[in-house]
Amino acid sequence: MIDISVSSLVKSFELGKNILDGLSFTVNSGERVGILGHNGCGKTTLFRILVGEIPCDEGEVAIAPSKRLGLISQIPVYPEGWTVEQVLKDAHRHIYEIARRMSTLEAQMEHDQSPGLLRQYDMLQADYGRLGGYETDVDRSRVANGLDISPAMLAQPFASLSGGEKTRVNLARLILEDTDILLLDEPTNHLDLHATEWLEDYLLRFKGTVLAISHDRYFLDRIVQRSVEIVDGKAEFYSGNYSFYVEERQRRFEEKLKKYEKDQAKIEQLERAAAQMHLWAFMGSDKLHKRAFSMEKRIEKLSRSERPTEQKKLSARFRQREFEGDEVLVMDSISKSYGEKQLFSGLELMVTGGERIALIGDNGTGKSTLVKLIMNQEKPDSGYLFLGPAIRTAYLPQIVSFNDESRSALDTMLYDCRCLPQQARDRLAAFGFRGEDVMTPVGALSGGEKSRLRLCMLMGSDINFLILDEPTNHLDIASREWMEDALSDYEQTLLFVSHDRYFIDKFATRIWALADGQITDFRGSYQEYCDWRERQAVFAQNDKQREREKEKGKKSRPPRPKNNEKTIAKLEKEISKLEALTAGLDRQAAEFATDYHKLMNIQQQRDELDAQLLELYERWEELNA
């Protein structure tokens, strides 16, 4: 069954320039589709047309009857003074209306027990249960916890929230509303890793239809089943997630390029043949003229095809200063709090040259504050930070600002970087600021353009310690890929705060996970960290289970079995299995003797196995005794 049908859609905001130009596609019930394309190609415009916010100029949009459709980026206006909890409760307004009618009937039934009234009450009670009326409070708490909507935020007026917080609350309301078709326009923009992972798990279980616009490639890979790219106002289709789209798009480009080059070779061949036939025709053969004209028509047809082009990549690269020494950064007993809220305490960390560290954690845990302490923009409450004497830092903050936002991009470069006009223009061109773009006041630039301009200024300096706070937050996919290309050649120390798992997985060789005022320091890639975290969760669950069993055993004190041979044999099998695993880890340690990071990861696994073995040995001795 088709949930959404878009046919020959046309929409323009400027005379003679169609942002959507004959867009057509369908979405089946239960599909999860990614809507791709560069910034400004019409993705958000398409969503606004689908929900009826703006009309199309031509074409048709059809939504399946009785299907409810919700747009995440569209934040409704709520009554003045409504709290966040009232907004979330609004998702169940039809259930509360049924409850109100049931209460009215209950009051009437105290005096009137007529069959008609009882039937009406029974029908309402059945509807109330079918719609989940008895689980509304539980559902609301589950969704609020998953999206980091705290009890304190629930009590806040909705109007007092930031834009990001409003988006998060609206997302929660739409999930609670049990919408049939979800339109997600950058849903992860204001979510931390925990909330993003919760949303992904929810969408994977969601039975309805999902259309998603996102710059989060990891999110698209997990959620999307097929992709629709908007190119020149029309739809191109890819039967897979984002990674499939990237490979298939490159394959199609290479195929088009081969065809174009083949056509060009054919044109040259036909032009030579046509010229020769015209020459021979002067000797008295009109048939040769006709054949030459036929060839020229074919040449004209072949010449209409344009050379396929890839999106132009920016050519900038970071300048680097060689680092000589052992210590880039040392933190000793660092603590920081604001009023009664302590962000972290007793941090003991050291960074050496060439490491690439991802600082991750939920919103509000103090990641940006820690970065500001490193940059000496704030002071710790206790402890000290030490930067090596040869360290030259460069810092890209989360919110980029400039001294004078009325200056143009060119003047900003001239004033702040002390370079010649031609040098400034060349560097700006390498970052995509060309022609009249360089005269745009920096205050009029988008968040992504400001980040790009600040990076342009940073890259002109010799640096060996680069610190980035949410570097991909305001960038589209093409700009993120460009930044990754630029960073790929940077070989000095890198510390970055990010929720972009694709970016983290590509660059991090060490993870700092900040939670509950402490940093878990994991040496390895992001995927290795996720695997380790899953193992720790399993171990913790097993420990809790053992504790429960111990408590249960203490209370019941069952008699010791007389025959323990079977239990001992089972324990010996488990011990043998774990001993084989530790032997395998020892072999790996010998194989990777020169790889420090790999050895650290192997040692962590060995420590975990040793702890399990020790417990098994103790149980074995106890049974044998």
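No value in this document is a laboratory result; all are computed from the given coordinates. Please read these numbers as outputs of a predicted model, since none were measured by experiment. Note that we place each Cβ from the backbone using ideal geometry, even for glycine, and neighbour counts take in every protein chain shown.
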query = Quick one: helix 565-591 against the long Cα principal axis of the chain, what's the angle to the nearest 10°, folded into 0 to 90?
reply = 40
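Between beta-carbons, use under 11 Å as the cut-off and find the net charge around L302, counting Lys and Arg +1, Asp and Glu -1. Spell out each step's value before the answer.
Values: positive: K259, K262, K266, K297, R298, K301, R304; negative: D263, E268, E271, E296, E300.
For residues surrounding L302, the net value is +2.
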ask   = Tilt of helix 242-281 relative to the longest C-alpha principal axis of the chain, in degrees (0 to 90, nearest 10)?
value = 10
remark   = Listed by chain and number, the residues whose amide H is under 5 Å from that of S337, excluding neighbours fewer than 5 places away on the same chain and using placed H, are L343, D381
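Tell me whether the stretch 411-480 comes out rounded, prolate or oblate; compute the Cα gyration tensor, take square roots of the eigenvalues as a ≥ b ≥ c, and use a/c under 1.5 as the rounded threshold. Intermediate results must be reported in sequence, preceding the final value.
Details: a/c = 1.83, a/b = 1.16, b/c = 1.58.
The shape class here is oblate.
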remark   = Per its Cα gyration tensor (rounded if a/c is under 1.5, else prolate when a/b beats b/c, else oblate), the chain is best filed as oblate
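Of K544/K577; K234/K262; K234/K259; K89/K372, which pairs sit farther than 29 Å apart, going by alpha carbon to alpha carbon? All intermediate terms of the calculation are to be shown ahead of the outcome.
Values: K544/K577 23 Å; K234/K262 26 Å; K234/K259 22 Å; K89/K372 39 Å.
The answer is K89/K372.
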key: Other-chain or far-sequence residues with amide H under 5 Å of L329's (modelled H)   = V351, G388
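With a sphere of radius 12 Å drawn around the Cβ of I63, what net charge do the other residues whose Cβ falls strictly inside it have (Lys, Arg +1; Asp, Glu -1)?
Working: positive: K67, R68; negative: D3, E60, D180.
Net of charged neighbours comes to -1.
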remark   = So F293 and Q108, fully extended at 0.36 nm per residue minus their Cα-Cα distance, gain in nm 57.2 nm
query = Can you give the relative contact order of the stretch 326-374 as a percent, counting alpha carbon pairs under 8 Å and 6+ residues apart?
reply = 33
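From the Cα trace of the stretch 21-70, what convex hull volume per residue do you get, rounded to a whole Å³?
Working: hull volume 5.2 nm³, N = 50.
Enclosed volume per residue, from the Cα hull, is 105 Å³.
What is the sum of charges, Lys and Arg at +1 and Asp and Glu at -1, for the other residues whose Cβ falls under 9 Å from the Cβ of F47? Numbers along the way, then the final one.
Numbers: positive: K43, R48; negative: E53, D185.
Spelling it out: positives minus negatives among the neighbours equals 0.
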note = Amide H neighbours of F465 at under 5 Å, excluding residues fewer than 5 places away on the same chain, with H built from the backbone geometry, are R392, A394
request  = Work out from phi, with θ = phi - 60° and the Karplus expression 6.51 cos²θ - 1.76 cosθ + 1.60, the ³J(HN,Hα) of each residue of the stretch 12-26, listed in order in whole Hz, and give x for Gly and Pro.
outcome  = 9, 10, 10, 4, x, 10, 8, 6, 10, 9, x, 6, 9, 6, 10
query = What is the helix-to-structure angle for 286-303, meaning the angle in degrees between its Cα long axis and the longest Cα principal axis of the chain, kept from 0 to 90 and rounded to the nearest 10?
reply = 30
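As a test, work out the antiparallel percent of DSSP beta bridges whose residues both lie in the stretch 405-558, rounded to the nearest 5.
Working: 7 of 12 bridges.
Among the beta bridges of the stretch 405-558, antiparallel pairing accounts for roughly 60 percent.
So in the chain, what percent of DSSP beta bridges are antiparallel if you round to the nearest 5?
Just about 55 percent of them are antiparallel.
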message = If you restrict to DSSP beta bridges whose two residues both lie in the stretch 443-532, what percentage is antiparallel, to the nearest 5?
response = 55
request  = Compute the distribution of all C-alpha to C-alpha distances in the stretch 461-537, in bins of 10 Å from 0, and list the percent of pairs in each, rounded to whole numbers.
outcome  = 16, 49, 28, 7, 0
task = Taking 7 Å along the Cα-to-C-beta vector as the label spot, tell me the K341-D127 distance in nanometres, rounded to one decimal.
result = 4.4
remark   = Karplus-derived 3J(HN,Hα) from phi for the stretch 114-123 (6.51 cos²θ - 1.76 cosθ + 1.60, θ = phi - 60°), whole Hz, x at Gly and Pro, runs 5, x, x, 5, 5, 4, 4, 5, 4, 5
ask   = Going by the alpha-carbon gyration tensor, a ≥ b ≥ c the square roots of its eigenvalues, is the stretch 46-120 rounded (a/c under 1.5) or, if a/c is not under 1.5, prolate (a/b greater than b/c) versus oblate?
value = oblate
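Tell me, Kirkwood radius of the stretch 364-507 from alpha-carbon pair distances, in Å? Numbers along the way, then the final one.
On the way: mean 1/r = 0.0612 Å⁻¹.
In the stretch 364-507 this quantity evaluates to 16.3 Å.
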key: Per-pair calculated FRET efficiency, R0 = 51 Å: S162 and L609 via Cβ, rounded to 0.05   = 0.65
ask   = Once every DSSP H run of n ≥ 4 in the chain is given -39500 (n - 2.57) and the sum is divided by its residues, what mean residue ellipticity at 222 nm do you get, rounded to the nearest 500 deg cm²/dmol?
value = -15500 deg cm²/dmol
inquiry  = Using the Kirkwood radius over C-alpha pairs as Rh, can you work out the diffusion coefficient of the stretch 221-312 via Stokes-Einstein at 4 °C, viscosity 1.567 mPa s, in µm² per second?
reply    = 79
